[in-house]
Structures are given as C-alpha cells and as structure tokens.
1. If you average the C-alpha positions of region 31-103 and of region 165-191 separately, how far apart do those two centres end up, in angstrom?
2. For region 67-78, in order, what is each residue's ³J(HN,Hα) by Karplus, 6.51 cos²θ - 1.76 cosθ + 1.60 with θ = phi - 60°, in whole Hz (x at glycine and Pro)?
3. If amide H atoms are built 1.01 Å from N in the plane of the peptide, which residues on other chains or at least 5 residues away come under 5 Å of the amide H of residue 54?
4. If Lys and Arg each add +1 and Asp and Glu each add -1, what is the summed charge of the other residues whose beta carbon sits under 11 Å from the beta carbon of residue 34?
5. Can you check what the Kirkwood hydrodynamic radius comes to for region 1-94, Cα pairs only, in Å to one decimal?
6. Taking K and R as +1 and D and E as -1, what net charge do the other residues with C-beta under 11 Å from the C-beta of residue 172 add up to?
7. Rounded, prolate or oblate: pick one for region 58-111, where a ≥ b ≥ c are the square roots of the eigenvalues of its C-alpha gyration tensor, a/c under 1.5 means rounded, and failing that, prolate if a/b is larger than b/c, else oblate.
8. Which of the peptides 155-161, 48-54 is most tightly packed, and how do the rest follow, judged by the mean count of other Cβ atoms within 10 Å per residue?
Amino acid sequence: MDIDFMLTTLGFITPLSQQLQERFTAQIQQETIRKRTILLRQGETCRRIYFIKEGFARCYFLDKQGKECTTWFFNEGDFMISVHSFYTQKPAYENIEILEDCILQSISWLQIQAIYADTREGNHIGRVMSERYQIQSEERFILHRDSNPTERYKLLLEHYPGIEQKTTQTNIASYLGISRETLCRLKGKKLRCDINQKNSF
C-alpha cells in the first residue's frame, strides 16, 4: 500500500518524524469504494477519518421536506469526515456519498487520539486540521451570506475544476443554494461570456 501522497500532505502541515511515518503506515487502512456508495449515513457515528487518494465525494443532509442539501464536496487530496460526528463521536446529522470510484485511506478515531496523545507533531496536525475545517465552514457561511449566485458559481468552478463532470446539476445547485433553473441560466451566461472572450482574440 502506497501512502506517500497522504504522508506528503500531512508533512505540509508539520514535518513528520520517521517514527510517526512508520506508525501511520502500520495503521492506515486502504480500500476502494464504488460510485454511489453511502459511506456514512445520517444517524451513524463517523468512526474514521478518510483521505481521498483518488475520486470525488460529497456530504449532504435531508431537510424537513426530504430534499437533499449538499454541504461539502471532497476532492482528491482532501481529508473527509462528518465534522461534528467525528470530533464528538456522536451520530451524524449528514451523509457522505461517493460520487466517483474512490481509493480511500483511513485511520480510526481511537488510533488518531492515541497519536495525538503520544506525539507532538500528531497533536499539532490534529489541531491544524480542526482549525481548517472551522475556517472552511465559516468561509462557506460568509460566501452564502454575502455573495450572489454568479459569484458562488464562479468560485465553485475555480475550487473544483471539472466538477460538472463529477456530479449532478442537482447536487451543484443545492450546494450553491439555488434552483436548477437558476444554475442553467448561470451556465448559459458563462458559456456566452467564454465565447465572446474567445472571439475577441
């Protein structure tokens, strides 16, 4: 099992000792998960933190009308959890769905807690990752509060290149907080702008 990509990603947070690298190598579990698999269901507890070596996924919940509302997308190189459930070890409010066939590498909550307790760099990694999730959550809240749909759509395409080939228009629209009809208009407007820019050269 090759976990060099994951270790390199963690190493960007803080340098990893040889001992900690060996510990991760011994404890990390790798699995291939097929498209459309529900990796975590609402009401279950998120017991593992996943690293996406290959693939694409999303997090979503069901509103009172039973409509799916996408809250996160996860790309190759991302760590993936249900944030509240993993950190509190309580039932999740949301689901994690695999949108493309994924190669996932994961470690359990119990194993990561032991690493936090035993190593300084492991503890630092946990703190930084927790901070990043908090920052991303607040940024998404501010984005939906202060930006218009056109701006949100532009940022989505910048952050997730090729997303329209990875998931449905319904999922994208729910993430942006707009209807599918509004998304179609935004796509049409973008296409016209792209054509005009191309013709201007």
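Throughout, read-outs are computed from the coordinates displayed, never taken from laboratory work. Bear in mind the structure is a predicted one, so any value in this text is a computation, not a measurement. Backbone-built Cβ (ideal geometry, glycine too); neighbour counts: all protein chains shown.
1. Region 31-103 and region 165-191 have Cα centres separated by 21 Å.
2. Karplus values, whole Hz, x for Gly and Pro: 7, 6, 10, 6, 10, 9, 10, 10, 10, 4, x, 8.
3. It is 103, by chain and number.
4. With Lys, Arg at +1 and Asp, Glu at -1, the neighbours total -1.
5. Result for region 1-94, one decimal place: 14.9 Å.
6. Taking every other residue near residue 172 into account, the sum is +4.
7. Oblate.
8. 48-54, 155-161
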